[in-house]
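Following: one structure in structure tokens, then a few remarks.
Please treat every number below as a calculation from the coordinates, not as lab data. Note that the structure is predicted; figures quoted are calculated from it, not measured. All Cβ positions, glycine included, derive from the backbone under ideal geometry; neighbour counts span all protein chains shown.
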Amino acid sequence: MPAAVRSIWLMPSNDDETLLASLVRDLADRFGTPVFQPHLTLRGDTTTETAALTEAIAAAARQVPVFAEPISSVDITEAYFRAFYARFAVSPTLATLKRSLDPAEAGSFLPHISLLYGTLPAERKVPAAAAMGRRLAGRRITFDRICVVRSGQDIPIAEWSVLATAPLKRS
């Protein structure tokens with residue numbers, strides 16, 4: 001079952017991905033947590049066939065140009081995959097992508113890029129989140145592609161892999 005689970009990720013541009021990946025690595029080193037590829041999940045843990053998801057991301061990517069969104073805050077939760085994350089407002093572009101690729105969950109969309117996975121006490125994360133919030137709040141992240149990824153809660157993070165990519169329209 002886990003091998004057939006996939007997700008759809010919105011990916012930051014190379015420069016922003018490099019920055020975010022360095023933050024993920026720094027936090028993972030600091031807190032002893034896993035390293036992962038920074039992404040904004042548009043649809044998670046689906047068993048929909050890869051071919052159907054690939055068609056869906058290609059259609060969505062043809063409708064949306066490369067765009068940038070400001071980070072609204074850096075927040076923490078007790079959720080493993082959202083232990084520490086950069087949050088974005090639900091902009092019209094993000095809402096369009098979510099409705100197109102995961103209409104059943106569009107009403108509960110919380111656009112974010114996780115920076116730390118794990119179960120850590122809040123008192124350990126709060127100072128780091130505050131410092132990161134001062135550093136990142138308002139910073140615009142450019143998104144330029146959508147990917148189908150073999151990933152899910154029951155698949156080890158080290159085994160996550162991109163299966164298909166669709167670039168967003170260039171202006």
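Looking at Ser114, Ser72, Ser100, which one is in contact (Cβ under 8 Å) with a residue 40 or more places away in the chain, within 19 Å of Leu163 (Cβ to Cβ) and not charged (D, E, K, R)? Write out each step before concluding.
Working: Ser114 fails: within 19 Å of Leu163 (Cβ to Cβ); Ser72 fails: within 19 Å of Leu163 (Cβ to Cβ).
Exactly one residue qualifies, and that residue is Ser100.
Filter segment 1-45 for residues that are among the β-branched types (Val, Ile, Thr) and touching an Asp or Glu at 6+ places or on another chain (Cβ under 8 Å); which is nearest to Arg170 (Cα to Cα)?
The residue in question is Ile8.
Does any residue in segment 40-65 that is under 18 Å from Ala106 (Cα atoms) and in contact (Cβ under 8 Å) with a residue 40 or more places away in the chain come within less than 7 Å, Cβ to Cβ, of a residue that is of a type in the set (Val, Ile, Thr) and part of a helix (DSSP H, G or I) six or more places away or on a different chain, and which pairs are these?
Val64/Thr93; Val64/Thr96
Could you list, in sequence order, the residues of segment 129-171 that are under 15 Å from the mean Cα position of the chain (by Cα), exposed (fewer than 14 other Cβ atoms within 10 Å of the Cβ) and in a loop (DSSP other than H, G, I, E, B)?
Once the filter is applied, which keeps residues that are under 15 Å from the mean Cα position of the chain (by Cα), exposed (fewer than 14 other Cβ atoms within 10 Å of the Cβ) and in a loop (DSSP other than H, G, I, E, B), segment 129-171 yields only Gln153.
Thr18 fails exactly one of the following numbered conditions: (1) assigned to a helix (DSSP H, G or I); (2) touching a residue at least 40 places away in the same chain (Cβ under 8 Å); (3) more than 20 Å from Leu163 (Cβ to Cβ); (4) not aromatic (Phe, Trp, Tyr). What is the number of that condition?
(2) is the only condition that Thr18 fails.
Looking only at strands (runs of 3 or more DSSP E) that lie completely in segment 31-115, which have at least 2 residues being out of contact with any Gly (no Cβ under 9 Å at 6 or more places or on another chain) and farther than 22 Å from Ala158 by Cα?
Details: elements: 40-46, 67-76, 84-88.
Output list reads 67-76, 84-88.
Restricting to segment 141-171, name every residue that is more than 26 Å from Ala59 (Cβ to Cβ) and not hydrophobic (A, V, I, L, M, F, W, C).
Gln153, Asp154, Pro156, Glu159
Quick check: anything in segment 9-20 of a type in the set (Val, Ile, Thr) and buried (at least 16 other Cβ atoms within 10 Å of the Cβ)?
Pass one, segment 9-20, residues of a type in the set (Val, Ile, Thr): 18.
Pick out the ones that are also buried (at least 16 other Cβ atoms within 10 Å of the Cβ) and you get none.
Among the residues of segment 9-20, not one is of a type in the set (Val, Ile, Thr) and buried (at least 16 other Cβ atoms within 10 Å of the Cβ), which makes the answer no.
Find the residue count for segment 116-128, including only residues that are in a helix (DSSP H, G or I) and surrounded by 16 or more Cβ atoms within 10 Å (Cβ to Cβ). Working first, answer last.
First, pick out the residues of segment 116-128 that are in a helix (DSSP H, G or I): 122-128.
Then drop every residue that is not surrounded by 16 or more Cβ atoms within 10 Å (Cβ to Cβ), which leaves 125, 128.
Matching residues across segment 116-128 total 2.
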